[in-house]
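Undergrad: Mind having a look at this structure? Questions to follow.
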Amino acid sequence: MKVFLNKRIPEIGIKLLEEAGVEVIIPENENLSKEEWLSYCKNTDAILNVGVHSFDKDFFEQCPNVKAIALYSVGFDHVDVKAATHKSIPIGNTPDVLSKATSDVAFLLMQSVARRASYNYQKVKDGNWGDFDPLHALGQELYGKTLGIFGLGRIGFEMAKKSSKAFDMNIIYHNRHRNEEAEKELDAKYVSFEELIERSDVLSIHANFKPENKDLFNGSVFKNMKPNAIFINTARGGFHHQNDLYEALVSREIWGAGLDVTNPEPIVKDDPILELSSVCVLPHIGSATVEARNGMAKLAAENIIAFSKGERMPHCVNPDIYSGN
């Protein structure tokens, strides 16, 4: 079986594939145009995809030979799962292994924004410490404040646990379903979306992105948040309207923002939001640890290997294809 891997992943994943007898095709030049990428896809049995190439209905029509897709990510919003299921194509992802690493980044951003770390680091780089000013660019403390989680799944749970233990923060959350584990272990309180945005001192997004959630966090939402609120997004940039977020920050409707994802992504270098003292932006590094990336490579390889053996992918986002539904 031929598998197209558009970018090299940690060796543990490639080695597992090769030991299983899978032929791995990796282009010498990994900066492929869309046409070049499609050309590779058309001539392979399965794809192990790195990045956010779009797997939509047109893709499946253009690439009829593709029988399986393993994503090197936990998110799958760039895949038309319904179209894939219609074609009986399993879609695999890499859950769990990056939960701690991604929550670490959310936790880092929360603290960095609260203490204006990016702004103050830039002052040091510029040689601009200046004289001591008791009132200049003050941060805020997090102890005993309320953390609101939008999407209290695996990553959100890790973020809530860290925040509860480190800062004794109160946890509230909004989900499609109740999280009984979080309610029991962290005394988390389920609230409506409206209550979430009104009560949160820090609001952190950890939900899976769906098209209906595009720009969910917009001007009208920011207007209803606390003036001291910190907005954190490590999920997908599509959740927030970036211009509205900027306006909310400069008009002081909210206090600060920490972003590991932006809208658009990558963010342009002259985006005015980067000039604000209470903003910290990172280049989508949520899973960027040796441990997380190795774990992702292993899970992605396991999905491909299982398919090559005629077995069910162990981490499949459309398992209905195996039941004939």
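Undergrad: Out of the residues in region 152-161 that are buried (at least 19 other Cβ atoms within 10 Å of the Cβ) and of a type outside the set (Gly, Ala, Ser), state the one that is nearest to the chain's Cα centre (by Cα).
TA: 155
Undergrad: Could you grab the pairs with beta carbons closer than 6 Å, sequence gap of 6+ or different chains, first residue in region 121-142 and assigned by TED's automatic domain parsing to the domain that holds residue 160, second one of a type in the set (A, V, I, L, M, F, W, C) and modelled with pLDDT of 95 or more?
TA: Every condition considered, the pairs that remain are 139/114; 140/114; 142/114; 142/167.
Undergrad: Under the condition of being in contact with a Ser or Thr (Cβ under 7 Å, 6 or more places away or on another chain) and not hydrophobic (A, V, I, L, M, F, W, C), which residue from region 247-274 is farthest from residue 113 (Cα to Cα)?
TA: 260
Undergrad: May I ask you to list pairs of residues, at least six apart or on different chains, whose Cβ atoms are under 7 Å apart, with the first in region 75-88 being within 24 Å of residue 102 (Cα to Cα) and touching a residue at least 12 places away in the same chain (Cβ under 8 Å) and the second being among the charged types (D, E, K, R) and surrounded by 16 or more Cβ atoms within 10 Å (Cβ to Cβ)?
TA: 75/236; 77/236
Each row is one residue, and each column tells you yes or no for (1) surrounded by 20 or more Cβ atoms within 10 Å (Cβ to Cβ); (2) over 24 Å from residue 278 (Cβ atoms).
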residue	(1), (2)
105	yes, no
121	no, no
124	no, no
134	no, no
144	no, no
164	no, no
172	yes, no
182	yes, yes
187	no, yes
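Undergrad: For residue 234, which of the numbered conditions (1) touching a Gly at 6+ places or on another chain (Cβ under 9 Å); (2) more than 25 Å from residue 80 (Cα to Cα) fails to hold?
TA: (2)
Undergrad: Taking the criterion of being on the phi > 0 side of the Ramachandran plot, surrounded by fewer than 22 Cβ atoms within 10 Å (Cβ to Cβ) and modelled with pLDDT of 95 or more, would at least one residue in region 81-89 satisfy it? Give the derivation first.
TA: Kept after step one, since they are on the phi > 0 side of the Ramachandran plot, are these residues of region 81-89: 88.
From the residues that got through so far, the ones that are surrounded by fewer than 22 Cβ atoms within 10 Å (Cβ to Cβ) too are 88.
Add one more test, that the residue is modelled with pLDDT of 95 or more, and what stays is 88.
Yes, the conditions are met somewhere in region 81-89.
Undergrad: Out of 277, 287, 204, which single residue is surrounded by fewer than 18 Cβ atoms within 10 Å (Cβ to Cβ), at pLDDT 95 or above and either touching a Ser or Thr at 6+ places or on another chain (Cβ under 9 Å) or not in a strand (DSSP E or B) (or both)? Don't jump to the end; show me each part of the working.
TA: Details: 287 fails: surrounded by fewer than 18 Cβ atoms within 10 Å (Cβ to Cβ); 204 fails: surrounded by fewer than 18 Cβ atoms within 10 Å (Cβ to Cβ).
Answer to the selection: 277.
Undergrad: Within region 50-73, how many residues are surrounded by 21 or more Cβ atoms within 10 Å (Cβ to Cβ), touching a residue at least 60 places away in the same chain (Cβ under 8 Å) and in a loop (DSSP other than H, G, I, E, B)?
TA: 1
Undergrad: The conditions are (1) without any contact (Cβ under 8 Å) to a residue 12 or more places away in the chain; (2) assigned to a loop (DSSP other than H, G, I, E, B), and residue 253 fails exactly one of them. Which is it?
TA: So the condition that residue 253 fails would be (1).
Undergrad: Kindly evaluate residue 180 against the criterion of being among the charged types (D, E, K, R), within 23 Å of residue 77 (Cα to Cα) and either at pLDDT 95 or above or out of contact with any strand residue (DSSP E or B) (no Cβ under 6 Å at 6 or more places or on another chain) (or both).
TA: On the way: among the charged types (D, E, K, R): yes; within 23 Å of residue 77 (Cα to Cα): no; either at pLDDT 95 or above or out of contact with any strand residue (DSSP E or B) (no Cβ under 6 Å at 6 or more places or on another chain) (or both): yes.
Considered against the rule, which asks whether it is among the charged types (D, E, K, R), within 23 Å of residue 77 (Cα to Cα) and either at pLDDT 95 or above or out of contact with any strand residue (DSSP E or B) (no Cβ under 6 Å at 6 or more places or on another chain) (or both), residue 180 comes out as no.
The values are calculated or read from the model by the stated rules, or taken from the named source; none is laboratory data. Since the structure is predicted, the reported quantities are computational estimates derived from the model, not experimental observations. Using ideal geometry, Cβ is built from the backbone for each residue, glycine included, and neighbour counts are taken over all protein chains shown.
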